[in-house]
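One structure below.
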Amino acid sequence: MANKKKFYVTTAIDYPNAEPHIGHAYQKIIADVIARWHKLKGEDVFFLTGTDEHGKKIQEASEKQGKTPKEFVDELSKRFKESWKLLNIDYNRFIRTTDKDHEKIVQDIIKKCEENGDIYLGEYEGLYCTGCEAYYTEKDLIDGCCPIHKRKVEKLKEESYFFRLSNYQKFLLDLFKKHPEFILPKERRNEIISRVKEGLSDLSISRTSFDWGIPFPGNKKHVVYVWFDALFNYYSATQQKGKEKYWPADIHLLGKDNSWFHCVYWPAFLKSAGLKLPKTVFVHGFLQFNGQKISKSLGNAISPKILVGKYGADSIRYFVCRQFPFGDDGDFSEAALIQRHNDELANKLGNLVSRVSALAEKYGFEEFNYPITIEKKWEKYIREGKIEVKKILSLNPDKTIHVFNRKNEQGEESLLFDSYFQLRPTLRLICNLVEYQVEHSQFDKALNTIFAFIDNCNNFIQNKKIWESEDKRALYELKESILEIARLLSPFIPESAEKIKKQFSAKKMKKGDILFEKI
Ligand code: ZN
């Protein structure tokens, strides 16, 4: 246990001023896939999600409903938790920025930054967007409106504590240069670098115009700026007994609207507080829903609960990972989801599982094993990202990938070349490729690779007419391949993968229930 490699993944913490929707869910699904993948590798994983509960926007939303802010966030954070449960999001902690341990840590950190000379009291006048909980300068605005919320900003003037962000320009540019993996994908990194090069002003980190926030240490008139408060959730979650080893985070996932806060403020705050920096901040795009921008006007249609009821958690998880590259904007199209559910999950995977289990129930299988050797160059190409799945499947494995020895009855070693021997060596290369793709956040490609192999298995059954040959060894190879497919798919579609695993691990296999009913 002590030697296990640790892995720490976080999601953005959501602002619970409205019900969760599929856009929130998308990021949590990806984080869950990443967490499950690292668990599969035997790593000691910590997966954090939660809600960001302070700020003016929450205070205003709660007043509209005649509730206290605390009552308001208690109810809504529960809805987020319920949705993640329905989607099988298997997090380790759901942090709320109103949690007592977090509030205390934020105050301690502010004192630390103050001691380091990075915080001073001044006066701020600026253009404020309550939607973003952030000040803008004239040049950031589009027609006088917030570039994200497209609504008028307010002119605010208040006494404020400032963080000396202007002192961190060189530190940040050095960081981005020395650690290109700090901001991914690289297009986002380039955007941030050019903005940081334009110069950084000091950042207002306290508010006096409302009181729903963490009290600023040493000055009761002020509450801590919500972003200073929120960003430290990632750190405070690791400050409980036994959790310290997880800091710093290996990957923070966040939407593109949060990139400036995470790529610029966050490393500067951490540096000032004397804390280690995370390895990677991964910025992803936004989802649309059936071609429309996700917004309240879409109502219940975008609720994870409703969607899980319609399609099941695994189909939704599969679809958002498969349909668009992670990082880009994407469209959650229900028509496209149904098509992938039917064509890929039901017809390809479901069919393979049902055919092989039916044949194995009828004929049984004969267990046998043989050593697999794969020419080193193929594994090397995969590790370096130089090979495509098509190339693997078009290799002639009998001649080029593997040589396997098997002892005959006389104890002599002999080379065997028989077609079903192709399955496992090919699968070994497929596993390597999937690993490369998942670890480079290419979830769509990883699923494509797995399904190319599933196609191969289906073709193999068809071409060899396994149902006529009653070949028990070929059935054994197929069974083992399907178990491996289930293992590779388990981070993406955990419920179905678990069903397959149970069914195919049994000594006497039975043709189970249909895995995916067609829609
Ligand atoms: Zn805004």
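The values are calculated or read from the model by the stated rules, or taken from the named source; none is laboratory data. Predicted model only: the values in this text are computed from it and were never measured. Positions of Cβ are generated from backbone atoms using ideal geometry, with glycine treated the same way; all protein chains shown enter the neighbour counts.
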### Query
Out of curiosity, is residue 346 without any contact (Cβ under 8 Å) to a residue 40 or more places away in the chain, small (Gly, Ala, Ser), surrounded by 15 or more Cβ atoms within 10 Å (Cβ to Cβ) and part of a helix (DSSP H, G or I)?
no
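If we keep just the residues of the stretch 319-337 that are under 16 Å from the mean Cα position of the chain (by Cα) and assigned to a loop (DSSP other than H, G, I, E, B), which is nearest to residue 253 (Cα to Cα)?
By that ranking, first place goes to 327.
Per-residue answers, yes or no, for (1) at positive phi; (2) modelled with pLDDT under 95; (3) crowded, with 16+ Cβ neighbours inside 10 Å:
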| residue | (1), (2), (3) |
| --- | --- |
| 265 | no, no, yes |
| 269 | no, no, yes |
| 276 | no, no, no |
| 280 | no, no, yes |
| 284 | no, no, yes |
| 288 | no, no, yes |
| 295 | no, yes, no |
### Query
Residues in the stretch 170-191: is at least one charged (D, E, K, R), within 16 Å of the ligand (Cβ to nearest atom) and in contact with a strand residue (DSSP E or B) (Cβ under 9 Å, 6 or more places away or on another chain)?
no
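Taking the stretch 94-105 on its own, how many of its residues are buried (at least 17 other Cβ atoms within 10 Å of the Cβ) and basic (Lys, Arg)? Walk me through it before giving the result.
Of all residues in the stretch 94-105, those buried (at least 17 other Cβ atoms within 10 Å of the Cβ) come to 94-99, 102-103, 105.
Next, only the ones that are basic (Lys, Arg) stay: 96.
Looking only at that region, the number is 1.
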### Query
Do you know which residues across the stretch 222-237 are within 19 Å of the chain's Cα centre (by Cα) and not in a helix (DSSP H, G or I)?
237
### Query
Out of the stretch 106-151, which residues are closer than 30 Å to residue 294 by Cα and surrounded by fewer than 13 Cβ atoms within 10 Å (Cβ to Cβ)?
137, 138, 139, 142, 143, 144, 150, 151
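Collect the residues in the stretch 466-519 that are among the β-branched types (Val, Ile, Thr) and within 19 Å of residue 343 (Cα to Cα), keeping them in residue-number order.
Step one: list which residues in the stretch 466-519 are among the β-branched types (Val, Ile, Thr), which gives 466, 482, 485, 493, 500, 514, 519.
Answer for the stretch 466-519, where residues must be among the β-branched types (Val, Ile, Thr) and within 19 Å of residue 343 (Cα to Cα): 482, 485, 493, 500, 514, 519.
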### Summary
Within the stretch 461-494, residues surrounded by fewer than 21 Cβ atoms within 10 Å (Cβ to Cβ), among the aliphatic types (A, V, I, L, M) and under 30 Å from residue 32 (Cβ atoms) come out as 483
### Query
If you check every pair at least six apart or on different chains, which have Cβ atoms under 8 Å apart with a residue in the stretch 122-133 that is on the phi < 0 side of the Ramachandran plot and among the acidic types (Asp, Glu) first and a residue that is within 9 Å of the ligand (Cβ to nearest atom) and not in a loop (DSSP other than H, G, I, E, B) second?
none
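Listed here are the residues, each with its yes/no results for (1) at pLDDT 90 or above; (2) under 23 Å from residue 350 (Cα atoms).
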site	(1), (2)
395	no, no
399	no, no
406	no, no
413	no, no
420	no, yes
462	no, yes
476	yes, yes
479	yes, yes
482	yes, yes
#### Entry: Pick from the stretch 43-73, criterion closer than 26 Å to residue 27 by Cα and β-branched (Val, Ile, Thr), ranking: nearest to the chain's Cα centre (by Cα)
49
### Query
Can you pull out the residues in the stretch 152-183 that are more than 29 Å from residue 208 (Cβ to Cβ) and buried (at least 18 other Cβ atoms within 10 Å of the Cβ)?
175, 176, 182, 183
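Which of the residues that make up the stretch 278-304 are assigned to a helix (DSSP H, G or I) and of a type in the set (Lys, Arg)?
Taking the stretch 278-304 and keeping what is assigned to a helix (DSSP H, G or I), we get 296-302, 304.
Listed by number, the list holds a single entry, 296.
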### Task
Give me a count of the residues in the stretch 1-49 that are modelled with pLDDT of 95 or more, farther than 29 Å from residue 290 by Cβ and among the charged types (D, E, K, R).
6
## Note on the structure
Within the stretch 130-169, residues being within 12 Å of the ligand (Cβ to nearest atom) and within 22 Å of residue 200 (Cβ to Cβ) number 12
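So, residue 307, is that one in a helix (DSSP H, G or I) and either of a type in the set (D, E, K, R) or crowded, with 20+ Cβ neighbours inside 10 Å (or both) or not? Walk me through how you get there before you give the answer.
On the way: in a helix (DSSP H, G or I): yes; either of a type in the set (D, E, K, R) or crowded, with 20+ Cβ neighbours inside 10 Å (or both): yes.
It is true that residue 307 is in a helix (DSSP H, G or I) and either of a type in the set (D, E, K, R) or crowded, with 20+ Cβ neighbours inside 10 Å (or both).
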### Task
Could you tell me whether any residue of the stretch 189-210 is touching a Pro at 6+ places or on another chain (Cβ under 8 Å) and modelled with pLDDT under 95?
no
